[in-house]
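The values are calculated or read from the model by the stated rules, or taken from the named source; none is laboratory data. Computed from a prediction, not measured in an experiment: that's the story for all the values here. Just so you know, the surface numbers come from the protein's heavy atoms only, side chains and all, with ligands and any DNA or RNA stripped out. Shrake-Rupley method; radii C 1.70, N 1.55, O 1.52, S 1.80 Å.
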Amino acid sequence: EVVLSGDMNGWSRDRDRLDRVADTDLFVRSTELPADARLDYKLRTDGRWTLDPLNPREQLGGFGPNSMLPLPGWKAPPELTRRPETRRGTVEGLPLVSKHLGNRRKARVYLPAGYADSAARYPVVYLHDGDDELAYGAFDVILDELVARGALPPVVAVLVPPIQRGPE
């Protein structure tokens, strides 16, 4: 049994089963996707996660490597590449103690360029999976670039790492 799991189906473990081509060890599935999509996915073979053996492209994610499929119309967003002239924000540690959850953790706080020298108030965005946002999502680079390009006002971002992801 082979199942396709990925961005296109919410990482479903059983929804998109592949069909075996008669008298072969080849499994197939047909689906329509936007021409500019870029997907991370894995195959579940007899209940075990595996990379696509016919696709050499990989993308590292929070649960290890995934097979990656950029469709022909996909273009990397420009804010994923840090330009040398872009002012950089900083990322600092922030200890968090939750009475409600009964635990503690170290979050990260992104402060925009110029924050330390400013008395301005900034909007704040909170993100779950905070460490992954920095490690795999280049979130600090994206914020720096969006602010530098005028697409976003400077913001403070609190990047909270999960301890028990599901219940939180």
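Structure above, values below:
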item: For residue 12, solvent-accessible area (1.4 Å; no DNA, RNA or ligand), Å²; result: 20 Å²
item: Solvent accessible area, Å² - residue 81, 1.4 Å probe, full protein context; result: 90 Å²
item: In Hz, Karplus ³J(HN,Hα) per residue of segment 119-126 (6.51, -1.76, 1.60; θ = phi - 60°; x = Gly, Pro); result: 9, 5, 9, 10, x, 10, 10, 10
item: On Cα atoms only, tilt of 139-148 relative to the major axis of the chain in degrees; result: 60 degrees
item: Accessible surface of the chain [probe 1.4 Å, protein heavy atoms]: carbon and sulfur percent; result: 52 percent
item: In order through segment 39-50: 3J(HN,Hα) via Karplus (6.51 cos²θ - 1.76 cosθ + 1.60), integer Hz, x for Gly, Pro; result: 10, 9, 7, 9, 9, 10, 9, 6, x, 10, 5, 8
item: Residues whose placed amide H lies under 5 Å from that of residue 125, excluding near-sequence neighbours; result: 156, 157, 158
item: Computed accessible area, residue 1, all protein chains, 1.4 angstrom probe, square angstrom; result: 110 Å²
item: Surface accessible to a 1.4 Å probe, per residue, for the residues of segment 1-106, Å²; result: 73 Å²
